[in-house]
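Here is the structure we will look at.
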Amino acid sequence: MSGVRASARTTFAALSIPNYRRYISGQGVSLIGTWMQSIAQSWLVLQLTNSGTALGLVVALQTLPVLLLGPYGGVVADRVDKRRLMIGLQAMMGVLALTLGLLTITGLVALWQVFLLAFLLGLNNCFENPARQSFILEMVGPEHLRNAVSLNSVMVNVARAVGPAVAGVVIAVGGTGICFLLNAASFVAVIASLLSLDKARLQPAPPAARAPGQLREGLAYVRRTPELAVPLLMMALVGCLAYEFQIVLPIVARDTFAGGSEVYGLLTAAMGAGAVVGGLFVAGRGRTGASAMVRSALLFGAALAAAAAAPFLWVELAAIAVVGGMSIGFMSTGNSTLQLTAAPSMRGRVMALWAVAFLGSTPIGGPIAGFVSDHLGGRGGLALGALACVLAAVLGAVLLRRASRRGAAGEDVGAVPPAPVRIPGPAPDGRRSAAA
């Protein structure tokens, strides 16, 4: 029994910090609304166009600003108070959701309006993503960062399990517009949580002074540090083609299994449930490093291949749950590796590049995934993601081996060697363990 309690303390260690508890509770409410909007937006586009390619385009427009301006968003995050920046940007996200909701329920919505609002949301995300990602460390400190990132992923995927299920019911009863309005209201919770944080207990990084060349400086820093460059390159490939679930899953639901919004909601909820289990598992393991990302990419690819081959809906739901678990392991490992490796003055810029790799690659991968799914079906879209994961794992392994050889030869390969980052933390057996 004592072992179970010790394991629970390790798995939920970051929740011992009051600021993090406030933050994650507000985020939890808001993210349920965000997932409701994600489901509703995808379904709305399919209703308006009946086209997987159009679905890919709207997702691409939402992420195009991250690709173009994301690195500059990291520069801004390194310069300003991240909490204040997040409050303003979360409020703007609420206004955008409210606008889409009012347009939809009044029957005035058109595809170009969905495209425009998706683009504006992406513009907002250019600055919100790096600020939010790097703000977690300011709340919990390095000792609890890996655990906090994993628990944050668990919370995201609890919302992914709840939000789509609620969205399926709401769409069936009241239509997609109600989902957008509920999402707009949910931003009140996250803004209130940020306003209520105890600022005296935060550990803000010293703001970077304004200076020319800061963006180039961040790119050069990543380029010479393999433990940063390799995870970013892997995520760019995987994020481009494997994380296009907003595009692929609606087509799997509609065409592969002849279902409606309720089947799409079930698939997304199954993925979220699997990610919750996977996130809790990762939270207690405490591993980071580019080598761990290579292993995670292979497991992610295997799960996607199984989902692509699933013959029946119940098999697909089980496979998609495993996909959720593997995807969160890959994402959490990379996120924590970057934050623990990056210098404090560079963390915003590094996490902005992470957002570019994860979200900014969608303008390229989204239309590709939509095209493949239109012509080869949802199974083809899932198989494309599996191939991307395997290629990313091979690329990561090759680059790490080369970096290791250069290091052995005495060449300068960066400030951090390609090995797991370790932070002291309590292990279930009482020893000190690696923080993942």
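Here is how the numbers come out for the structure above:
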read-out	value
Residue among Met86, Met155, Met93 that is under 20 Å from the mean Cα position of the chain (by Cα), open to solvent by less than 50 Å² (accessible area, probe 1.4 Å), modelled with pLDDT under 90 and not acidic (Asp, Glu)	Met155
Helices (runs of 4 or more DSSP H) contained entirely in the range 281-398, each with at least 1 residues that are touching a residue at least 60 places away in the same chain (Cβ under 8 Å) and surrounded by fewer than 24 Cβ atoms within 10 Å (Cβ to Cβ)	290-309, 313-341
Residues of the range 218-236 classified as part of a helix (DSSP H, G or I), more than 13 Å from Ala290 (Cβ to Cβ) and in contact (Cβ under 8 Å) with a residue 24 or more places away in the chain, total	4
Identity of the residue in the range 251-262, touching a Lys or Arg at 6+ places or on another chain (Cβ under 8 Å) and in a helix (DSSP H, G or I), that ends up farthest from Ala319 (Cα to Cα)	Thr256
Count - residues of the range 71-130 that are among the β-branched types (Val, Ile, Thr), farther than 23 Å from Asp198 by Cα and not in a helix (DSSP H, G or I)	2
Test: Val149 is among the hydrophobic types (A, V, I, L, M, F, W, C), open to solvent by 10 Å² or more (accessible area, probe 1.4 Å) and either under 26 Å from Met271 (Cβ atoms) or touching a Leu at 6+ places or on another chain (Cβ under 6 Å) (or both)	no
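Conditions tested, residue by residue: (1) among the hydrophobic types (A, V, I, L, M, F, W, C); (2) at pLDDT 80 or above; (3) touching a strand residue (DSSP E or B) at 6+ places or on another chain (Cβ under 9 Å).
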site	(1), (2), (3)
Ile39	yes, yes, no
Leu44	yes, yes, no
Gln47	no, yes, no
Asn50	no, no, no
Val59	yes, no, no
Leu69	yes, no, no
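The values are calculated or read from the model by the stated rules, or taken from the named source; none is laboratory data. These numbers were taken from a predicted model, which means no experiment stands behind them. Using ideal geometry, Cβ is built from the backbone for each residue, glycine included, and neighbour counts are taken over all protein chains shown. Note: areas computed on protein heavy atoms with side chains; ligands, DNA, RNA excluded. Shrake-Rupley method; radii C 1.70, N 1.55, O 1.52, S 1.80 Å.
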